[in-house]
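**Q** Right, I'll just put the structure down here and ask away after.
The values are calculated or read from the model by the stated rules, or taken from the named source; none is laboratory data. Computed from a prediction, not measured in an experiment: that's the story for all the values here. Please note: Cβ atoms are built from the backbone with ideal geometry, for glycine as well, and neighbour counts cover all protein chains shown. The area values use the complete protein model at the heavy-atom level, side chains included, leaving out ligands, DNA and RNA. Shrake-Rupley method; radii C 1.70, N 1.55, O 1.52, S 1.80 Å.
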Amino acid sequence: MRLHTSLKVAAAVAATALLASACSSGGSGDGDGSASPSTRTTPTDPAQKIDLTYWTWAPGMDEVVKAWNTAHPNIHVTVNKQDGGDPAVTKLLTAIKAGSGAPDIMQAEYQKIPTLVAADALADITGDVSADLESEFSEGAWQSVTLGSDTVYAVPQDSGPMEFYYRADVFEKYGLKVPTTWDEYAQVAAQLHQKDPKAYLGTFSANDAGWFTGLAQQAGASWWGIDGDAWSVDIDSAATQKVASYWGKLVQQGVIDNKPMYTPAWNKALNDGTQVGWVSAIWAPGVLEGNAASTKGKWKMAKLPQWNAGDDVTGNWGGSATAVTTQSKNPQYAAEFVEWLNTSPEAAKLLVTEGGLYPAALESQKTALSDPPAFFSNQPDFYTLASQISSTVAPFTYGPNVNVAYSSYNDEFGKATKAKTEQAFTDAVSAMQTTTLDDLKQSGYNVKE
Amino acid sequence: MTTSTTTAAPGTPAPPAGRPRPADAARPRRRRRRAGSAAPYAFLAPAIALFALFLALPIGYAVYLSFRRVKVSGLGLGKNARTEVWAGLENYRTALSDPDFVASVLRVLVYGVILVPTMLGLALLFALLLDARRVRAKSFSRVSIFLPYAVPAVISSLLWGFLYLPSVSPITYVTEKLGWGSPDVLDSGWVMFAIANIALWGGVGFNMVVIYTALKAIPTDLYEAARLDGASERQIAWRIKVPIVLPSLILTFIFSMIATLQVFAEPITLKPLTNTIASTWSPLMTVYRDAFVRNDIYSAAALSVVIALATLVLSFGFLRLVQRRAFSQEK
Amino acid sequence: MTTTTVSAPAAPPSGRAAPARASGRTAGRSAWGGSVVLLLGAAYCLLPVVWVVMASTKNASELFDSFTLAPSTHLWDNLVDLSGYRDGLFWRWMLNTALYAGVGGLLSVLVSAMAGYGLAKYTFRGKTAIFNMILAGVLVPGVVLAIPQYLLLAKVGMTNTYWAVLLPSIISPYGIYLSRIYAAAAVPDDVLEAARTDGAKEGRIFFSLAVPMMLPGLVTVFLFQFVAIWNNFMLPYIMLGDDHLFPLTVGLSGLLNQGATQPAMYTSVITGALLSIIPLVALFLTLQRFWQVDLAAGAVKA
């Protein structure tokens, strides 16, 4: 008798889940938010155990997932750690195309979301998440997971507002002033290099497209745009040209290095003081600790230099959202996990301590982070400052061929950094524009010239 | 297919020891069983089945994909915005007219001309030395030179990356101390040699063993006659040994050429370390970029077909020439 | 192969030998010159290996701070770190790789031996065509095959399993080519004929007569196939989503590519690389004996 009843209950729950997923995954084109009448905002648990797979490369995710699994024995999440970035996306897209092999939950960097949506890889979870989820995140973050529509494709996990990191001890040694504008930054770079010809205030990396994108974002550029039902590509806007020629001049003068970041050589430079500053994002402490542990306590974080004195705007480098894939058989429960992961206080605490991530949820930014990271123990107001900065991120729209643009950045700026002339840098921007625009048109997208 | 990312090329060993069969001199070699039995087909069945499934079928599919492309409607977001349509020869046209691709093909040919003769020359030299009399330290050298073959290309490129980057390299440390400055092999016209060096390091041992095995199969009484006549070791090596292993060398050469034309793992691992390697440095890198970075499997498929056809033409030409000599044992 | 070429060049040297030189000329000098050349080659090949050994004894900050070839004392710490990553996943990768390479290698040798024997010892219709077709497989690089192979395996739902890596690894055009040569050289036709006249079946002849004769050559095929699978990157990379199934190559590359916001785990990768070389070296040293055995048998068929 009991067995019979519980089977009935299971069937009912399963049916509801099926109904919910069927309703909510359709009609994502127009982004109708009120997807299905039967979806919920109060969490439910399935009667029988279900298994969800989660592809991510954020470190320490096992601990976070363990907390969830303990509290939800019937929704078991397994972490499959992937290579960071492009490879995981390619694997996902291949699996989507093949019809099987994709995970339930996927980590999706913000700039990849349009690509993933275009490939029909991300499920519409508008009806599966809380109705007021939008209020938990900043406008910029929310826009990147909805692409400006009412459809929710993912939930923001962490973000990377950009700041300027510098060796406070070296600055003191040479009597350098912390720059607040880019003009000042150029002056400090020149002063530093003159005092120590082996030292540089930073490097221009032709390998890190996201870094340059963030800087262009700060200057006011938005490389793609949606106008009605057409895309526009605006990489060679005045703002981007300004940023490119600024850095090109510095490299040409030789006061800024031209080598890529994240190489053994760059790590060495961080350690021995030949890289005195790093324009980076909020997750920098983790990288610095991993690569230059011997410089602990010597760095400080400041706001990114501004183009005009008195401005307060920054760009974003890195950060991802968590999405449910269209191949998931349990999108409702997957979405439940995703929401918990990115908004609950306990998950936030674990993400911060185990993963070194800076949460995108505004509430978590305040509560989960009070003490500065161990590497920056000399700067007690680290996270207060960070929280201020993260609200100043400028808006930016990513298009469906971000990878083409980034790959073009690698090649064009590789040539430019080798040539070391300002002209080469601005030429690189134009070349990027041409490549990206042509690729978009050739793929058949509706493109506005 | 056991596609490895090493460029160590397979070569042809001479057949290992068989039994001396003086009786053969007397009677002609027996023909093989001709009775139309199913036996040979049975022996070949597993290989053919696996080949069909994992090589022929994917290749066919890749060829099919090379004639297709994706058409997008409107913004391209949402469920039915992308459809796969027939593209005819468009992918091929784009591929062959892409200046970067043509440049990469030429670059890789130059790379092959630099690498293969050097690698085979060194392999031959080491093999001859291992086979020579009165040379010392043979065992140690043999194992040491073969050792790099055990290291996957991705790892060896990383290791050599550390050895190349001037600020972390022990080599530049030494050259600086000697007053020779710190050369940067990655940041100049030397990058091709840097990549070739990694492939050389990984492949010379393999080819050395292949040639050495062939040398070891030569009956030593051939040398005795020459030695009695007063020929020096060097002459014996040059006049007797090398001509005997020549077919081996030729086939090794072909396989090495094929592998070097497919160079991929070394440049792609070194790429993040320097500004001088574009994402289209070698043809296969372009294929990778299209397939894995741009998610454009169609263009990648067309490029691969072009590369495979070119390699086919080059190598089968050679293979036909030497096939008769290579398989004379069976006649 | 050597049968036909042996006779030709044997003649010239005796005729054209330089005026008789005392054999003493070759005794002392060239031997040292040759030895030095070999040792230089060995040193060149060992340099990065020495570097790896030294580097794996350093911790993260020393790696970029000290003279690269000077050893340090953190090898144990690095091993502990590496083993701690995702609860000992590295050792699982090691086992996976042994499985892929060992089982894959054995299966591959079996298939190659059968195919090589069939090609070498029989004439039949389509023989040249089949062989050329199989050999053409060498022309197609893994990068190209990876995605189509994935799409095909996905149709039967076999991606992300051990089979997804094992099955495609079994077919080896080069192994078949080698086996054909070995079969031709090592298995005399008259032995086969004798067995056939005795009434033995073809399969029995193969397994009890031919295989033992081909064994040294098959060991070589196994060794090379083992290494090829051990070092293979592209195939497992695209086939596997669950990192518990990864082989060492994919796993270690993942440690390097933690994403833009994390430092690469250099010390773990370097320590892992060192550990991954050791089994292969051990395998070589063990199987070297077979080459000795093989070579000592001496003369080729006249």
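**Q** Taking 7 Å along the Cα-to-C-beta vector as the label spot, tell me the B:L106-B:A38 distance in nanometres, rounded to one decimal.
**A** Going by the 7 Å Cα→Cβ label model, 5.7 nm.
**Q** Give me the three principal axis extents of the range B:42-88 from the C-alpha atoms, as integers in angstrom, largest value leading.
**A** Reported extents, whole Å, longest axis first: 55, 23, 9.
**Q** Hey, in the GNM for chain A with a 10 angstrom Cα cutoff, which one of A:P400, A:P285, A:P260 fluctuates hardest?
**A** Evaluated over chain A, the most mobile residue of the options is A:P260.
**Q** Just to check I understand the Karplus step: with θ = phi - 60° and J = 6.51 cos²θ - 1.76 cosθ + 1.60, what whole-Hz values come out for the range C:153-162, glycine and proline as x?
**A** 5, 5, 4, 9, x, 9, 6, 6, 10, 4
**Q** What's the total accessible area buried between chains B and A, using a 1.4 Å probe, rounded to the nearest 100 Å²?
**A** When B and A are taken together, about 3100 Å² of accessible area is lost.
**Q** Could you sort the residues of the range B:60-109 by number and keep only those whose accessible area is reduced by 40 Å² or more in the all-protein-chain setting relative to the chain alone, 1.4 Å probe?
**A** SASA drop of 40 Å² or more in the range B:60-109: B:Y61, B:V72, B:G74, B:L75, B:L77, B:G78, B:K79, B:R82.
**Q** A further question follows. Determine which lysines satisfy two conditions relative to A:K242: a Cα distance under 17 Å, and not lying fewer than 8 residues away in the same chain.
**A** A:K420
**Q** Report P(r) for chain A: all Cα-Cα distances, bin width 10 Å, range 0 to the bin holding the largest distance, values in whole percent.
**A** Percent of Cα pairs in each bin: 4, 20, 29, 25, 14, 5, 2, 0, 0.
**Q** Quick one: which residues, 5 or more positions from B:R68 or on another chain, have an amide H under 5 Å from its amide H? H modelled 1.01 Å from N in the peptide plane, none for Pro or chain starts.
**A** HN-HN under 5 Å from B:R68: B:A87.
**Q** Need the list of aspartates and glutamates near C:K121 for cross-linking: C-alpha distance under 16 angstrom, and skip anything on the same chain fewer than eight residues off.
**A** Cα-Cα hits under 16 Å: B:E330, C:D189, C:D190, C:E193, C:E202.
**Q** If you bin the C-alpha pair distances of the range C:54-163 every 10 Å from 0, what whole percents do you get?
**A** The distribution over the range C:54-163 is 11, 20, 25, 20, 15, 8, 1, given as percents.
**Q** Separate question: Report the residue, chosen from A:L357, A:L176, A:L288, that carries the largest GNM mean-square fluctuation when chain A is represented by alpha-carbon nodes joined by springs under 10 Å.
**A** A:L176
**Q** Right, another one. Return the sequence-ordered ³J(HN,Hα) values of the range A:389-405 in whole Hz as given by the Karplus equation 6.51 cos²θ - 1.76 cosθ + 1.60 applied to θ = phi - 60°, using x for Gly and Pro.
**A** Once θ is set to phi - 60°, the couplings for the range A:389-405 become 5, 5, 7, 9, 6, 6, x, 7, 10, 9, x, x, 10, 4, 4, 5, 4 Hz.
**Q** A further question on this structure: Between chains B and C, what is the buried accessible area in Å², counting both sides, with a 1.4 Å probe and ligands, DNA and RNA left out, to the nearest 100?
**A** The summed interface area works out to 12400 Å².
**Q** Same structure again: At a 1.4 Å probe, which residues in the range A:70-108 are at least 30 Å² less accessible with all protein chains present than in their chain isolated?
**A** Buried by 30 Å² or more upon assembly, which counts only protein chains, are A:N80, A:K81, A:D83, A:G84, A:P87, A:T90, A:K91, A:T94, A:K97, A:A98, A:S100.
**Q** Give me the 1.4 Å probe accessible area per residue for the protein assembly as shown, excluding ligands and nucleic acids, in Å².
**A** For the protein assembly as shown, the solvent-accessible area averages 37 Å² per residue.
**Q** What does the charge count around C:M133 come to, taking other residues whose C-beta lies under 15 Å from its C-beta (Lys +1, Arg +1, Asp -1, Glu -1)?
**A** Result for the local shell: +4.
**Q** Under a straight-distance cross-link criterion of Cα-Cα below 16 Å, which lysines are reachable from B:K71, leaving out those fewer than 8 residues away in the same chain?
**A** Filter leaves A:K97, A:K441, B:K79.
**Q** I would also like to ask the following. Roughly speaking, to the nearest percent, how much of the range B:92-330's 1.4 Å accessible area is carbon and sulfur?
**A** 67
**Q** Based on the Cα gyration tensor of the range B:92-330, what are the three equivalent ellipsoid semi-axes, each the root of five times an eigenvalue, rounded to whole Å and given largest first?
**A** Largest first, the range B:92-330 gives 36, 27, 13 Å.
**Q** Another question, if that's okay. If DNA, RNA and ligands are ignored and the probe is 1.4 Å, what is the ranking of B:E266, B:E90 by accessible area, most exposed first?
**A** Reading off the accessible areas and sorting them downward yields B:E90, B:E266.
**Q** A further question on this structure: Which whole-number value in Å³ per residue fits the convex hull of the alpha carbons of the range A:150-233?
**A** 157
**Q** Continuing with this model, one more query. Rank these by accessible area, largest first, 1.4 Å probe: B:L106, B:L163.
**A** Order by accessible area, largest first: B:L106, B:L163.
**Q** Can you give the percent of C-alpha pairs in the range B:214-331 whose distance is more than 24 Å?
**A** That tail contains 53 percent of the Cα-Cα pairs.
**Q** I want to check a number: in the range B:92-330, how many lysine pairs have alpha carbons closer than 29 Å, given a sequence separation of 8 or more or different chains?
**A** Count of close lysine pairs: 4.
**Q** What list of ³J(HN,Hα) values in whole Hz, one per residue of the range A:68-81 in order, does the Karplus curve 6.51 cos²θ - 1.76 cosθ + 1.60 (θ = phi - 60°) give from phi, with Gly and Pro shown as x?
**A** Values, residue by residue: 5, 4, 5, 7, 10, x, 8, 10, 9, 9, 10, 8, 10, 6 Hz.
**Q** Which whole number in µm²/s is D for the protein assembly as shown by Stokes-Einstein, with the Kirkwood Rh taken over Cα pairs at 25 °C and 0.890 mPa s?
**A** For the chosen part, D equals 78 µm²/s.
**Q** If amide hydrogens are placed 1.01 Å from N in the peptide plane, which non-local residues have theirs closer than 5 Å to the one on C:T57?
**A** C:S72
**Q** Take the alpha carbon atoms of the range A:257-276, find their center, do the same for the range B:52-90, and report the distance between the two centers in whole angstrom.
**A** Computed from Cα coordinates, the inter-centre distance equals 43 Å.
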